[in-house]
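Below: the structure, in structure tokens.
Nothing in this text is a laboratory measurement; each read-out follows from the coordinates by a stated rule. It should be emphasised that the depicted structure is a prediction, and the values quoted were computed from it without experimental measurement. Here the Cβ positions follow ideal geometry from the backbone for every residue, glycine too, while neighbour counts run over all protein chains shown.
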Amino acid sequence: MAIKFGVAVFAACLVLAAGPALACKGKEVKFSDDFRQVDDSWGADPSSDAVTVEDGKVKVKAKVNGSYTLLYNGALFDDADICVTVQIPNKIEDPTQLEAALVFWAEDYNNLYALYIAPSGKAALSRLVNNKWHDVVPWRDTASVKTDPGAKNVLRVTTSGTQITAYINDVQFAAVRGQLPHGGGTVGLRAESEGTQRDAWKFIDLKVTDVAPQAAQ
């Protein structure tokens, strides 16, 4: 199957009304991907079935008990409002064994930040440094996470200077300080599967905008 990714859109302004009601708040769209057209900047392996597209959704199926990360290599961002809709797999055996994340401030596949959710109703903010994970905000129960099979959760992160603010379905999850990579970092998606099966996570309408004045620190 051909992998189809949306073309990055860099524009001064884009109407966001067509997107999810809970999404990025900035007026200036720096990047947008509707996952409908090929964009090789994602670097997905065309020989693998881990990444496919259907109806404007990118579907990521990591190996059993494994993970798969996609990074958009076409642009770097510093101060930004980043959002994506994440759809929970329809068939789950153990909701405590799988998770998905919005990736930001990524230098490469071994150095990045990730806002995670799990179908168990937990969320976390983590940092990968030299391929070793560190808990910025450890996993904790989060009422704003929708846990039903097929449920859609809007993950959003705003970054301003060293300030990181994370939201799940427009409810603030955490506000912390971090280390912005020199020159900025890229954005991406990450999915993990259970130990007994490959789980199909779907991602919809990834956007990066400027930071709305009230969100900037």
Inset, instruction - Estimate the FRET efficiency between residue 64 and residue 28 by the formula 1/(1 + (r/R0)^6), using the beta-carbon distance for r and 41 Å for R0, to the nearest 0.05. - result: 0.50
Inset, instruction - Tell me, rounded to the nearest percent, the portion of alpha carbon pairs in the range 19-127 spaced more than 25 Å apart. - result: 23 percent
Inset, instruction - Give the Rg/Rh ratio for the range 141-182, taking Rg as the radius of gyration of the Cα atoms and Rh as the Kirkwood radius, to two decimals. - result: 1.09
Legend entry - Net +/- balance of residues flanking residue 91 in space, Cβ distance below 14 Å, scoring K and R +1, D and E -1: -1
Inset, instruction - Determine the relative contact order of the chain: mean sequence separation of Cα pairs under 8 Å and six or more apart, normalised by residue count, in whole percent. - result: 30 percent
Inset, instruction - Compute the relative contact order of the range 93-143 as a whole-number percentage, counting only Cα pairs closer than 8 Å that sit 6 or more residues apart in sequence. - result: 28 percent
Legend entry - Gyration tensor (Cα) of the chain, equivalent ellipsoid semi-axes in angstrom: 23, 20, 17
Inset, instruction - Tell me the label-point distance for the pair residue 212, residue 196, using the 7 Å Cα-to-Cβ offset, in nm and rounded to one decimal. - result: 4.2 nm
Inset, instruction - At 0.36 nm per residue, minus the direct Cα-Cα distance, what do residue 47 and residue 144 gain on full extension? Give it in nm, one decimal, please. - result: 31.2 nm
Legend entry - Ranking of 48, 193 by count of other Cβ atoms within 10 Å, fewest first: 48, 193
Inset, instruction - Would you be so kind as to identify which of 52, 164, 111 lies farthest towards the positive end of the dipole of the range 29-209, taking Lys and Arg as +1 and Asp and Glu as -1 on Cβ and the Cα centre as origin? - result: 164
Legend entry - Charged-residue dipole, Cβ positions (Lys, Arg, Asp, Glu), the chain about Cα centre, Debye nearest 20: 240 debye
Inset, instruction - Please list, or write none, the lysines whose alpha carbon is within less than 28 Å of the alpha carbon of residue 91, excluding same-chain residues fewer than 8 places away. - result: 4, 57, 59, 61, 63, 122, 146, 152, 202, 207
Legend entry - Translational diffusion coefficient (Stokes-Einstein; Kirkwood radius from C-alpha pairs) of the range 128-216 at 4 °C, 1.567 mPa s, in µm²/s: 84 µm²/s
Inset, instruction - Taking the Cβ of each residue in 139, 42, 133, 105 as the centre, tally the other Cβ atoms inside 10 Å and list the residues starting with the fewest. - result: 133, 139, 42, 105
